[in-house]
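Just dropping this structure here.
The values are calculated or read from the model by the stated rules, or taken from the named source; none is laboratory data. Quick caveat, the model's predicted, so the values are computed rather than measured. Neighbour counts are summed over all protein chains in view; Cβ atoms, including those assigned to glycine, are modelled from backbone coordinates with ideal geometry.
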Amino acid sequence: MSYLLPHLHSGWAVDQAILAEEERLVIIRFGHDWDETCMQGKTRPTRPGLEDTPCMDEVLASVAETIKNFAVIYLVDITEVPDFNTMYELYDPSTVMFFFRNKHIMIDLGTGNNNKINWALKDKQEFIDIVETVYRGARKGRGLVIAPKDYSTKYRY
């Protein structure tokens with residue numbers, strides 16, 4: 001599903017995308033189009049009954065039209081554009097980060113890592129809620145916003 005979203009192919013292009021947007025939130029998914037984290041929903045169900053669970057890129061592509069008035073989504077291949085790997089600690093297969101007016105917006109998800117979302121969200125409405133929360137907080141000048149849901153209990157042991 002990554003072919004439905006615009007790709008940025010250089011560090012300069014990423015910088016320009018972040019700098020150029022004055023009113024909208026810039027959402028960047030760092031990772032690989034071919035990565036298993038994106039494909040896990042369609043190829044290998046993680047639990048019975050989740051066969052048709054969408055992958056992260058599918059969620060991003062499906063909400064892009066809904067959130068186009070206040071957010072724009074880009075994809076960056078971390079092998080093709082390694083410029084940000086060390087700066088943003090991009091070691092996970094799929095990482096979603098938010099920027100507003102050339103500023104990285106952090107989000108408290110309850111996981112301890114406030115810089116990014118580094119797992120595949122599978123619910124479209126859940127992602128829209130996160131984007132709306134980040135956008136509202138960023139418009140008010142906040143550099144850190146609290147997510148509408150606590151993800152500290154995402155994995156039940």
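Look at Asp15 and say whether it is at pLDDT 90 or above, over 25 Å from Ser152 (Cβ atoms) and surrounded by 17 or more Cβ atoms within 10 Å (Cβ to Cβ).
Against the criterion (at pLDDT 90 or above, over 25 Å from Ser152 (Cβ atoms) and surrounded by 17 or more Cβ atoms within 10 Å (Cβ to Cβ)), Asp15 does not qualify.
Surrounded by 21 or more Cβ atoms within 10 Å (Cβ to Cβ) and under 17 Å from Leu25 (Cα atoms): does that describe Ile130?
Against the criterion (surrounded by 21 or more Cβ atoms within 10 Å (Cβ to Cβ) and under 17 Å from Leu25 (Cα atoms)), Ile130 qualifies.
Restricting attention to the range 56-97, which residues are acidic (Asp, Glu), closer than 21 Å to Asn114 by Cα and free of Cβ contacts under 8 Å to residues at least 40 places away in the same chain?
The answer is Glu89, and nothing else.
Right, next: Residues to consider are Cys55, Cys38; find the one that is touching a strand residue (DSSP E or B) at 6+ places or on another chain (Cβ under 7 Å), modelled with pLDDT under 85 and hydrophobic (A, V, I, L, M, F, W, C).
Answer to the selection: Cys38.
Looking at (1) in contact (Cβ under 8 Å) with a residue 60 or more places away in the chain; (2) under 20 Å from Tyr88 (Cβ atoms); (3) acidic (Asp, Glu), find the lone condition where Asp123 falls short.
(2)
Got at least one residue in the range 78-94 being among the β-branched types (Val, Ile, Thr), within 16 Å of Arg24 (Cα to Cα) and surrounded by fewer than 18 Cβ atoms within 10 Å (Cβ to Cβ)?
Looking through the range 78-94, none of the residues is among the β-branched types (Val, Ile, Thr), within 16 Å of Arg24 (Cα to Cα) and surrounded by fewer than 18 Cβ atoms within 10 Å (Cβ to Cβ).
Another question about this same structure. Listed residues Ile105, Ile67; which is in a strand (DSSP E or B) and either in contact with a strand residue (DSSP E or B) (Cβ under 9 Å, 6 or more places away or on another chain) or polar (S, T, N, Q) (or both)?
Ile105
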